[in-house]
Amino acid sequence: MIGALGLMVGIALGLVFDPTVPVWMQPYLPIAVVAALDALFGALRALLDGIFSDKVFVVSFIANVLVAVLVVFIGDRLGVGGQLTTGIIVVLSIRIFSNVAAIRRHLLSA
């Protein structure tokens with residue numbers, strides 16, 4: 001509950017202050033957002049399954065974002081950042097849709 005409140009406060013502050021993203025960070029932000037969404041939907045699925053742990057969620061959230069951004073950063077240094085970005089987006093999107101399907105089945109009992 002506190003996490004949801006924090007998320008809403010963060011979104012509200014972002015809308016009010018309209019922060020700008022530094023140019024050097026712009027290639028990594030979409031990857032970080034998709035990695036964060038993966039952790040968020042995984043946490044929601046775990047919550048509905050009755051196995052949610054706030055510690056696991058925080059570690060998963062931070063680790064997903066850092067690893068995804070690190071892989072893209074290394075790919076940029078090697079000159080293959082675009083391919084690695086696509087790969088990460090595909091893998092995380094598959095995980096997100098898998099979690100959403102499990103959430104849907106749980107909520108609709110189907």
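What the table shows:
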item	result
Count - residues of segment 31-66 that are loosely packed, with under 14 Cβ neighbours inside 10 Å and over 19 Å from V100 (Cβ atoms)	8
Pairs where the first residue, in segment 98-110, is surrounded by 11 or more Cβ atoms within 10 Å (Cβ to Cβ) and the second is of a type in the set (D, E), C-beta under 9 Å, 6+ apart	N99/D38; A102/D49; H106/D49
Single residue of V9, V80, V71, V21 found to be open to solvent by 70 Å² or more (accessible area, probe 1.4 Å) and either modelled with pLDDT of 90 or more or among the hydrophobic types (A, V, I, L, M, F, W, C) (or both)	V9
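The values are calculated or read from the model by the stated rules, or taken from the named source; none is laboratory data. Being a predicted model, the structure only gives us computed values, none of them experimental. Please note: Cβ atoms are built from the backbone with ideal geometry, for glycine as well, and neighbour counts cover all protein chains shown. For the accessible areas, the whole protein counts, side chains as well, though only heavy atoms, and no ligand, DNA or RNA atoms are used. Shrake-Rupley method; radii C 1.70, N 1.55, O 1.52, S 1.80 Å.
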